[in-house]
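The values are calculated or read from the model by the stated rules, or taken from the named source; none is laboratory data. These figures come from a predicted structure and were not determined experimentally. Methodologically, a virtual Cβ is constructed for each residue, glycine included, from the backbone with ideal geometry; neighbour enumeration extends over all protein chains shown.
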Protein chains: 2
Amino acid sequence: MSQPANQPASIPPPAWPRLQRTALIAKALAHPSRLLMLAELLRAGERCVCELAALVGADISTVSRHLAVLRVAGLVRDRKQGQQVFYSLRNPEVGLLLGAADQLLEAVVREQQSTLGAGSGTLGDFSGGR
Amino acid sequence: MSQPANQPASIPPPAWPRLQRTALIAKALAHPSRLLMLAELLRAGERCVCELAALVGADISTVSRHLAVLRVAGLVRDRKQGQQVFYSLRNPEVGLLLGAADQLLEAVVREQQSTLGAGSGTLGDFSGGR
DNA sequence: TGCCTCTATGCGCACATTCGCATATATGCT
DNA sequence: AGCATATATGCGAATGTGCGCATAGAGGCA
C-alpha cells in the first residue's frame, strides 16, 4: 500500500468518494457485536453503554469503541444524561439495511443448501465457531 | 484476543453464528473496489476478472482476491469458460442490499448536512482521501 | 510439444482492527 | 472536599486486511 491503486490509477470512477463512504458504513456493520448492538437499539430505541456492554459481554472500553465506530459512520446518535450516555439509531434506514442483509443471508443459506455437495468455496456449514 | 469475549463470555445471544455470518457479508461490502465490482455486476450481469480489474484499476491478483472474498461471503457466483472466469451476482437479494445501503448513505448524508455546525464526531466533509 | 493468455495463490510488507488494562474525565452523592 | 460510578481514551500485543510481485496451474493455439 505504498500509494497507487488505493484510488485506481486509471479511469477513476466518477463516484469514488461515495464508494468510500458506503464502505465506511459497511465496515461499521462488519462486526458481530456491533450488529447485535444495532439490533438491540432497533428493538429498544435507546440503551446506555453499560447495558450494551452487558448484552455483548465485552469490556466497557471495547464497547465504547464499538459505539464510536458506529457514531463516526453516522449510524447512531448519543445523548448524555447524568453520568450515562444513551445511544440510539440515528435514522430508520439502518433498520431497512439490517433487514436487507438478513434477507440476503436467508437467501444465501437457502441456496447453499440446495447446492450442497457441489461446494467449491462458499464455505460449508458454520457450526464450529473459530 | 487470547480467547474470551470473541464470543461473549456471558449471556451468549442465541444467534451468535448468524451475527458472524451477517458480519461476513458486511465485511465483503466494506471495500470501495468490491462495492464498485458488485455495482458493475448488478448493471452488466456478468464480467470476467480482467474486465473488473480494468474497472477498478488494481492488479489482477488483488482483484482476484477481492472476488474470492465476495464468493466466500456468498454474494457472487463464478463460471469458467475457456481461459476466462465470469463472475455474476449469486442472487437478486444482493441488489436489494446494495440499494438499501445506498438509501442509508443518502439518509446519513442528508442528516449530517442538517446537523452541520453542531458537529462533534460524525466526521466533517470527506474531500481528502486517507 | 512449446508458447501465450487468464486466473489463482504463496509470500512478505505495511497498515488497520480489536482487545483489555490502566488511566483520564465527567458527573453525582454525601 | 472526598469518594463512587459511567464513559472515553492512551497504550501495547495479537490478529486481520490489502497490496503487488513472483509463480503455479489451466486452457487455447500453432
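Brief remarks follow.
Residue-by-condition table, conditions (1) touching a residue at least 12 places away in the same chain (Cβ under 8 Å); (2) charged (D, E, K, R); (3) more than 15 Å from DNA strand D (Cβ to nearest atom):
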position: B:Val72; (1), (2), (3): yes, no, no
position: B:Arg79; (1), (2), (3): yes, yes, no
position: B:Val85; (1), (2), (3): yes, no, no
position: B:Pro92; (1), (2), (3): no, no, yes
position: B:Leu98; (1), (2), (3): yes, no, yes
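- Scope segment B:51-70; condition within 12 Å of DNA strand D (Cβ to nearest atom) and out of contact with any helix residue (DSSP H, G or I) (no Cβ under 7 Å at 6 or more places or on another chain); matching residues: B:Gly57, B:Asp59, B:Ser61, B:Thr62, B:Arg65, B:Ala68
- Scanning segment B:80-113 for residues that are assigned to a helix (DSSP H, G or I) and over 21 Å from A:Gln20 (Cα atoms) yields a count of 1.
- Candidate set: segment B:1-50, residues that are farther than 21 Å from B:Ala73 by Cβ and within 16 Å of DNA strand D (Cβ to nearest atom); chosen: the one modelled with the highest pLDDT: B:Cys50
- Matching option when the condition is under 29 Å from B:Gln20 (Cα atoms), modelled with pLDDT of 95 or more and part of a strand (DSSP E or B), among B:Arg65, B:Arg77: B:Arg77
- Of the criteria (1) under 9 Å from the mean Cα position of the chain (by Cα); (2) farther than 12 Å from B:Lys27 by Cα, which one A:Glu46 fails: (1)
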